[in-house]
Each structure stands twice: as structure tokens, then as C-alpha cells.
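Below is one structure, written out as C-alpha cells, with a few remarks after it.
FYI, it's all coordinate maths here, none of it is from the lab. Computed from a predicted structure; not experimentally measured. Cβ coordinates were reconstructed from backbone atoms using ideal geometry, including for glycine residues, and neighbour counts include every protein chain displayed.
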Amino acid sequence: MEMYFRIIFFIFGTVMGSFYHVVATRIANKESLLYPPSHCPNCKHKLKWYELIPIISYVIQKGKCRECKKEIPLSYLIMEVVTGSLFSVCFHKFGFSIDLIVSLIFVSSIITVIVSDIEYMIILDEVIMVSSALIMIIYIIGYGFTKEAAFHIYSGMGSFITMYLIKIMGDYLFKKESLGGGDIKLMFLFGLVLGYSTSIMTIFLATFIAFPVAIIMLFSNKEHMIPFGPFLSIAALILLISGINFTDIINFLIK
């Protein structure tokens with residue numbers, strides 16, 4: 001039965017992954033989410049229902065528009081597969097629980113952030129604000145006005161303040177903007193879901209993940225800004241799925 005639900009969540013995730021790519025693209029370009037309907041950005045061909053089936057449509061059409069034969073960005077397929085996989089993993093880890101609902105909202109916001117920051121160098125405030133609000137409401141409904149709910153909210157606030165202080169120090173040391181406002185707001189969401197100490201761990205893990213990329217860019221002599229948001233997001237997903245927390249790391253180091 002669990003395998004059945006994993007498959008269901010994977011399929012649901014692929015559908016949502018395709019939608020999140022559209023959300024990231026349209027909001028970043030200040031376009032309506034409702035109009036016009038899904039279409040080819042090159043020839044404006046309105047997509048039929050059978051052209052919108054996640055993964056399958058991309059494979060059958062060989063990654064091209066049926067009308068103009070223009071290549072469809074591979075990022076659509078990647079987001080569908082990744083989101084489907086993450087939804088399935090979240091169900092496997094949390095089962096039917098409050099944590100499952102929170103994790104699905106969290107994954108959804110992270111996927112959208114990764115797309116918008118990589119393609120448009122912007123972390124969408126709308127996504128962070130709506131996701132954070134929904135998660136806080138779920139915590140309050142699920143736990144009531146208890147220490148458990150307060151812990152998550154205070155963790156979000158603490159993570160936000162910590163990241164803001166890091167930005168101030170970074171701006172002072174480097175004499176230029178060291179972090180974008182989106183990265184700071186993103187930390188509120190991380191703290192809300194992961195807790196304060198684990199959310200701070202995402203900064204160090206993201207730096208570790210980003211380091212090889214930065215080195216490659218340096219030696220390739222390419223003048224290109226590297227957004228930090230995707231690395232933070234990947235680090236947060238790793239910590240969410242793995243369940244590793246600050247206490248585990250301290251115990252490991254002590255032993």
C-alpha cells in the first residue's frame with residue numbers, strides 16, 4: 001500500500017513541478033498565471049491536454065514543440081522529475097501527518113525559488129510570503145498556540161535576523177552587496193520548517209556545495225553572477241530529507 005501512495009505522490013509531484021516552473025516564469029516576468037493558457041513561448045501555439053502530460057509529453061515530442069519544432073527547455077523535464085521524486089520521498093519520510101503537508105509546501109516553494117533564481121536572478125517574494133503564511137497557519141491549526149508552534153515561528157524570525165546580520169557584515173567587508181534580500185527572506189522559511197540551528201547549517205552546507213562551482217567559474221574567466229539562493233535551497237532540501245540536525249553533527253564531532 002505504501003508503494004501505491006509513493007507512486008501517487010510522484011505523479012502528483014510531476015504535475016505540480018510543471019506548474020511551479022510556469023509560476024516562476026510568469027511571476028518573474030510579471031505575467032498573469034491564468035491568461036494566456038499554456039502555450040509555446042516561441043510560436044504561441046496553445047497546448048492541448050495531451051501536450052501537458054508531465055514527462056510523457058516531453059519524451060514523446062522529443063523535447064520539441066509539435067508546431068514550430070522549437071526545443072522545449074530541459075528544465076521543464078528536470079523540474080517534473082525532481083518534484084515528483086521529492087514529493088514521493090516526503091511521503092515515505094513523514095507519512096500522512098502535519099509534517100507531510102508542511103514538507104510538500106516547503107518543497108514546492110524551494111523548487112519555484114530554484115527556477116526563478118537560476119533563470120531570472122530573483123527570489124520571488126510572493127512565493128516566500130505565501131508559503132510561510134500557509135505553514136504558520138498549519139502549525140497553529142495542528143499544534144494550537146503551544147510551545148511547538150511558537151518554536152517554529154521564533155526559529156524563522158531568528159534565522160531571518162541572523163542572515164540579515166551576516167549581510168550587514170558582508171556588505172561592510174566586501175564594500176558591496178554581499179547577499180540579496182531574497183536570500184534573507186528565504187532563511188525565515190528555512191527556520192520556520194527546519195528549526196533555527198538546522199537552518200543556519202544550510203548556510204555552511206550551501207557554501208560547501210557552491211565552492212566547486214565558484215572555482216570553475218573563476219578559472220573559466222567567465223564574468224557571471226552566481227545566485228546563492230539555489231545552493232541554499234539544495235542544502236535545505238538535503239537537510240529536510242536526511243533529517244540531519246545540529247545536535248547530530250556535534251555528537252559526531254565529539255565521538
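Counting alpha carbon pairs within less than 8 Å and at least 6 residues apart, what relative contact order, in whole percent, applies to the chain? Don't skip to the answer; put the middle values down first.
On the way: 291 pairs, mean separation 45.9, N = 255.
For the chain, the relative contact order is 18 percent.
Largest first and in whole Å, what are the equivalent-ellipsoid semi-axes of the chain based on the Cα gyration tensor, each being the root of 5 times an eigenvalue? Numbers along the way, then the final one.
Details: eigenvalues 196, 121, 62 Å².
Working from the Cα gyration tensor, I get semi-axes of 31, 25, 18 Å.
Once R0 is set to 25 Å, what does the formula 1/(1 + (r/R0)^6) return for the Cβ-Cβ distance between Gln61 and Glu119, expressed as a FRET efficiency to the nearest 0.05? Spell out each step's value before the answer.
Working: r = 21 Å, r/R0 = 0.85.
It comes out at approximately 0.70.
7 Å from Cα along Cα→Cβ at both Tyr4 and Ile215: what's the point-to-point distance in nm?
Using points 7 Å along Cα→Cβ, the separation is 5.0 nm.
I need the calculated FRET efficiency for the pair Ser242 and Glu148, taking r as the beta carbon distance and R₀ as 30 Å, to the nearest 0.05. Write out the running numbers ahead of the final one.
Details: r = 22 Å, r/R0 = 0.73.
For Ser242 and Glu148, the calculated efficiency is 0.85.
Full extension from Asn29 to Cys68: what is 0.36 nm times the residue separation minus their Cα-Cα distance, to one decimal in nm?
On the way: separation 39, 0.36 × 39 = 14.04 nm, distance 2.29 nm.
Result for the pair: 11.7 nm of gain on full extension.
Starting from the Cα of Lys70, draw a straight line to each of the lysines and keep only those under 30 Å, dropping any in the same chain fewer than 8 residues away.
Qualifying lysines at Cα under 30 Å: Lys30, Lys44, Lys46, Lys48, Lys62, Lys222.
For His39, enumerate residues with amide H under 5 Å from its amide H, sequence gap 5+ or separate chain, H modeled in the peptide plane.
Amide H to amide H, under 5 Å and 5 or more residues apart or across chains, His39 pairs with Leu47.
Given R₀ = 35 Å, what would the calculated FRET efficiency be for His39 paired with Ile140, taking r from the Cβ atoms and rounding to 0.05?
Details: r = 40 Å, r/R0 = 1.14.
The calculated FRET efficiency here is 0.30.
For the range 1-96, I need the span (max minus min coordinate) of the C-alpha atoms along each principal axis, in Å, sorted largest to smallest.
43, 30, 20
For the chain, find the longest principal axis of its Cα atoms and tell me its angle to the long axis of helix 74-94, 0 to 90°, nearest 10.
50
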